[in-house]
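Written below as structure tokens is the structure these notes are about.
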Amino acid sequence: MATTGSSVHAAPAADTLPGKGITVKPVKNPVPEENFQHLLVMRALEKLGYTVQPYKDVDYPTAYMSIASGDATFIASHWNPLHADFYKNAGGDAKLYRAGEYISNAAQGYLIDKKTADQYQITNIAQLQDP
């Protein structure tokens, strides 16, 4: 005997959506490879009932300052520790909130293969200044 099952999940009523009546203003850096995560977050917020305005392309320092001042709501690409100074200079935890991550242990900066690093005994970025 075979049985099949299915479940049907009704979408929440519009009046129970957490974002109903709330408008969010995203900002992002114009780096093309970061578009997807912004579009993903924007779409998710729309599904939760938020009114999502079109994003504005700005540089990272401007993005953090805009969010801290209330001129924007979020940026979906915070690279830690690369953006730590932008975050701190915009007011840090007193003005901003960071939560979660899409990808952990992402590489940032200059990358070289191990064979070359071993051959030239490269152990830190300062050595790249030495021709």
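In this calculation the C-beta distance from Leu128 to Asp93 is compared with R0 = 30 Å, giving a FRET efficiency of 0.35.
Here the sum of -39500 (n - 2.57) over DSSP H runs of 4 or more residues, divided by the residues of the chain, equals -8000 deg cm²/dmol at 222 nm, to the nearest 500. The residue list Thr123, Gly70, Pro32 was ranked by how far each Cα lies along the charge dipole of the chain toward its positive end, using unit charges on Cβ atoms, and Gly70 comes out on top. Each residue, Ile103 and Asp118, gets one label point 7 Å from its Cα in the Cβ direction; the gap between the two is 2.6 nm.
Bridgeable lysines around Lys47 (alpha carbons under 25 Å apart, same-chain partners fewer than 8 residues away excluded): Lys20, Lys25, Lys28, Lys56.
What you get for the chain, charging only the Cβ of Lys and Arg (+1) and of Asp and Glu (-1), is a dipole of about 380 debye around the Cα centre.
In units of the rule-of-thumb radius 2.2 N^0.38 Å, region 18-96 shows an alpha carbon radius of gyration of 1.07.
Just so you know, all these numbers are worked out from the coordinates, no wet-lab data involved. On a predicted model such as this, the values are computed, not experimentally measured, just so you know. Cβ sites come from the backbone with ideal geometry, for glycine too, and all protein chains shown count toward neighbours.
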